[in-house]
Every structure is written in C-alpha cells, then in structure tokens.
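The values are calculated or read from the model by the stated rules, or taken from the named source; none is laboratory data. Because the structure is predicted, anything quoted here is derived from the model rather than measured. As a convention, Cβ positions derive from the backbone with ideal geometry for all residues, glycine included, and neighbour counts pool all protein chains shown.
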Amino acid sequence: MTSFKICGVKTPEVVHAAVASGAAHIGFNFFPPSPRFLSPADAAPLIALVPAGVGRVAVLVDPDDDLVAAVIAAGIDILQFHNVPPGRLAALAQRHGRPVWLAAGVKTRADIEAATKAAGPADLLLLDAKAPNDAPLPGGNGLAFDWRLLAETRPQRRFGLAGGLGIHNVADAIRQVAPALVDVASGVEEGAGVKSVEKIMAFASAVRDA
Ligand SMILES: O=C(O)c1ccccc1N[C@@H]1O[C@H](COP(=O)(O)O)[C@@H](O)[C@H]1O
C-alpha cells in the first residue's frame with residue numbers, strides 16, 4: 001500500500017484520528033500565514049501524542065536556523081522544506097541531523113527536472129502544484145498539477161505526490177503516478193485549517209483500496 005501523510009494537524013482529536021487511520025506521517029505546519037500554523041510551543045504536546053513508528057514532519061517555508069532548532073526541540077523528526085535557496089538544503093540536512101524532504105511546485109516538465117536536481121541530499125522529493133504568483137502559501141492550496149507530466153518526466157529518485165488530493169482522486173493518483181507517498185492537507189478539511197475526522201478516514205480507505 002502507498003503510504004500517506006495527513007498534514008496540518010492542530011488538535012489532539014485529529015492526531016489520534018490520523019494515527020488510527022494508518023497514516024505513516026503526520027505533518028505540523030510552522031508557516032505563520034497558514035491556517036494550519038502552530039508555534040513550536042503549541043505543537044510540542046501534539047507531537048508527543050504521535051506514537052513511535054509514525055513520522056512527525058515539520059512543514060517549514062525558508063525557515064531560519066532558530067525555527068528549525070525549535071521544531072526539533074518540540075519533537076519533530078523529519079524536516080519538510082519549501083522555498084529554500086539553492087545549496088541551503090544540504091547545509092540544513094547536515095547541520096540538523098534529521099531526514100529532510102524537499103517540497104517543490106510543478107507546472108511544467110522543466111519544474112520536475114529542476115526539482116529532481118535540487119533535491120540531491122533529500123530523503124524524499126515532494127512534488128506539489130506550483131502555487132499561483134499571488135498565493136500566500138507555497139502549498140496547502142488544494143491545487144493539483146497535471147500528473148501526466150510524470151509519465152513523460154519521471155524523477156529518477158524517491159518522490160511523493162501532494163496538491164489537490166482528496167477522497168475523490170487519491171486512488172487515481174496512486175494508480176497513475178505510483179508515488180512512494182501521498183500527502184494531503186486541505187482535501188481532508190471541512191473549512192480552512194479545520195480537519196474532518198470523517199474525511200481522514202475516507203481518505204485512508206481510498207488509499208488502501210487503490
Ligand atoms: O498546508 C499548508 O498550509 C502549507 C503551507 C505552506 C507550505 C506547505 C503547506 N502544505 C503542504 O502542501 C501539501 C498539499 O496541500 P493540499 O492537500 O493541496 O491542501 C500539504 O500536504 C503540505 O505538505
């Protein structure tokens with residue numbers, strides 16, 4: 001079965017639901033403009049509820065070193081980076097001694113090629129839709145990219161798929177793209193930043209049935 005990540009979790013009830021659903025990873029968002037934002041202090045008691053064997057992932061957008069250190073102190077074990085300048089990913093991976101994921105926006109084949117190069121030291125390349133220029137968030141926008149691009153230009157490395165996934169399309173995405181992991185934020189919400197336990201369970205069933 002393809003593994004899945006439930007991203008942007010903010011309450012104990014949703015942590016428990018994500019664990020019960022079989023999520024391999026749970027994401028905590030540390031980007032202040034996001035409706036899913038948590039401070040490291042607020043995230044720490046939630047992160048502590050995640051059992052061993054389930055990955056605790058921090059979503060970070062071009063963070064400074066203090067924020068990275070703070071999320072690690074809060075109990076995070078995987079660092080997911082968006083919008084990091086070229087070269088900084090390797091430095092972050094080395095300095096903080098944690099697995100790193102590189103999230104990259106895709107609209108064209110060239111984006112996939114550039115992301116594959118940039119992801120060099122990353123444990124996972126997470127391909128998401130490229131955010132529109134005026135979007136306040138680089139991810140979490142509920143937008144999918146054209147997955148057919150991956151049939152033409154498949155990254156020669158481990159990659160995950162994010163962006164606009166939900167109960168209605170995740171099985172198709174898995175069959176069509178065969179990613180190592182699928183990642184969802186807004187597709188299991190009933191309002192901006194408000195997760196639905198029912199939708200999380202339905203998403204998990206759709207992944208299992210794919
Ligand atoms: O979710 C957010 O608010 C967010 C903010 C900044 C960077 C990344 C963010 N989320 C990531 O985007 C994917 C896809 O989101 P969606 O399913 O399309 O809503 C999400 O899983 C996070 O990895």
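Data overview
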{"item": "Tally of residues being more than 17 Å from the chain's Cα centre (by Cα) and aliphatic (A, V, I, L, M) across the stretch 1-44", "result": "5"}
{"item": "Only listed residue being modelled with pLDDT of 95 or more and not in a strand (DSSP E or B), chosen from A135, A115", "result": "A115"}
{"item": "Residue within the stretch 110-120 that is closer than 28 Å to G193 by Cα, touching a residue at least 40 places away in the same chain (Cβ under 8 Å) and either near the ligand (Cβ under 10 Å from one of its atoms) or of a type in the set (F, W, Y) (or both) present", "result": "no"}
{"item": "Residues located in the stretch 1-15, provided they are within 11 Å of the ligand (Cβ to nearest atom) and assigned to a strand (DSSP E or B)", "result": "F4, K5, I6, C7"}
{"item": "Criterion violated by V57 - all others in (1) touching a Gly at 6+ places or on another chain (Cβ under 8 Å); (2) within 16 Å of the ligand (Cβ to nearest atom); (3) more than 23 Å from V188 (Cβ to Cβ) satisfied", "result": "(3)"}
{"item": "Enumeration of residues in the stretch 62-99 that are under 20 Å from P33 (Cα atoms), in contact with a Pro (Cβ under 6 Å, 6 or more places away or on another chain) and within 15 Å of the ligand (Cβ to nearest atom)", "result": "V71, H82, N83"}
{"item": "Pairs with Cβ under 8 Å, 6+ apart, first in the stretch 183-210 and touching a residue at least 40 places away in the same chain (Cβ under 8 Å), second of a type in the set (S, T, Y) and within 8 Å of the ligand (Cβ to nearest atom)", "result": "A192/S186; G193/S34"}
{"item": "Test result for T2, farther than 27 Å from G120 by Cβ and polar (S, T, N, Q)", "result": "no"}
{"item": "Members of the stretch 138-174 found to be among the aliphatic types (A, V, I, L, M) and at pLDDT 95 or above, listed by number", "result": "L143, A144, L149, L150, L161, A162, L165, I167, V170, A171, A173, I174"}
{"item": "Filtered residue count, the stretch 22-33, keeping only those that are closer than 24 Å to A204 by Cα and either more than 9 Å from the ligand (Cβ to nearest atom) or among the acidic types (D, E) (or both)", "result": "6"}
{"item": "Residue list for the stretch 131-171, restricted to those being within 12 Å of the ligand (Cβ to nearest atom) and not hydrophobic (A, V, I, L, M, F, W, C)", "result": "P136, P138, G139, G140, N141, G142, G160, G163, G164, G166, N169"}
{"item": "Qualifying positions in the stretch 51-71 - over 17 Å from the mean Cα position of the chain (by Cα), in a helix (DSSP H, G or I) and within 25 Å of D128 (Cα to Cα)", "result": "D65, L67"}
{"item": "Some residue of the stretch 65-73 being within 21 Å of K5 (Cα to Cα) and surrounded by 20 or more Cβ atoms within 10 Å (Cβ to Cβ)", "result": "yes"}
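Conditions tested, residue by residue: (1) in a helix (DSSP H, G or I); (2) within 11 Å of the ligand (Cβ to nearest atom); (3) of a type in the set (S, T, N, Q).
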| position | (1), (2), (3) |
| --- | --- |
| A17 | yes, no, no |
| P35 | no, yes, no |
| A43 | yes, no, no |
| L49 | no, no, no |
